[in-house]
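**Student:** Attaching a single structure in structure tokens format; questions to follow.
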Amino acid sequence: MAHLNYVPTFHHTDWVDKLDRCDAEGPNGFNKRFDAITVDLNQLTTVVGQIGTAIGNFQAQPPPRQIQLSFTPMLRPTTVDSSGAWSYTATGVATASQALPGGTLGVMNLSLPDQYILTSLRLVGSISGADTSDVDGNITLSRIPLRLTIPAATAQTVGAVFVGDGLQVGGFDVQQPPTATFAKIDNSTYRYFLTALFDTSISGNMSIEMVQLTFRVA
């Protein structure tokens, strides 16, 4: 904060009865003295305004604090809609490879920061195929109520990122916003999980180097 300073410029010299004359002009006149008082008041007004601005800035709410959760998903195979399984390279990159038509679906449970608001999902990796217009992949962040019901409750999509399908071929770095209705994390009510799907009608490959979830304070 800038240094604030006020130095008065008016110094009153007492008048003496029966010696001083009340003049409007001159170095000891009313106009000279009241002009000096006016200058002091204007200077004081400026300093008070600076103090008010400084107090306002001090009291202003800081910008929402963001946190990022970055990871390579550890994907487990599922028994639903999957003809293959995700595997991992020596450096930990998740990969899916289809030599025949079909899909590779994996799932990972997540522990997310409670009561934070998800602002974006980011997916970094690569995708390729014999027919680049016919390979696609996605990650989907979902939530499902903790209370078990029969039949089981339907999962809700918190957010998703889609790649391939002729749009992103080769390396990609794609970011998408979440579903606003479900963006606030509530671990007391829901369980959260991530699915990754690679699909092709001919053959192809997909890799996931990083999933990044960004949150802000509610």
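**Student:** Looking at SER207, SER133, SER128, can you tell me which residue is closer than 22 Å to GLY84 by Cβ, in a strand (DSSP E or B) and modelled with pLDDT under 85?
**Tutor:** Result: SER128 is the single residue among SER207, SER133, SER128 that is closer than 22 Å to GLY84 by Cβ, in a strand (DSSP E or B) and modelled with pLDDT under 85.
**Student:** Being closer than 20 Å to LEU123 by Cβ, open to solvent by 50 Å² or more (accessible area, probe 1.4 Å) and assigned to a strand (DSSP E or B) is the filter here, so list the residues in the stretch 144-192 that pass it.
**Tutor:** GLN156, THR157, PHE162, GLY171, ASP173, GLN175, GLN176
**Student:** Among the residues in the stretch 193-201, are any in contact with a Pro (Cβ under 8 Å, 6 or more places away or on another chain) and open to solvent by 20 Å² or more (accessible area, probe 1.4 Å)? Reasoning before the result, please.
**Tutor:** Of all residues in the stretch 193-201, those in contact with a Pro (Cβ under 8 Å, 6 or more places away or on another chain) come to 194, 196, 200-201.
Subset that is open to solvent by 20 Å² or more (accessible area, probe 1.4 Å): 201.
Yes, the stretch 193-201 has at least one match.
The values are calculated or read from the model by the stated rules, or taken from the named source; none is laboratory data. This structure is a prediction, so every number in the text was calculated from the model and none was measured. Using ideal geometry, Cβ is built from the backbone for each residue, glycine included, and neighbour counts are taken over all protein chains shown. Note: accessible area is taken over every heavy atom of the protein model, side chains too, but ligands, DNA and RNA are not part of it. Shrake-Rupley method; radii C 1.70, N 1.55, O 1.52, S 1.80 Å.
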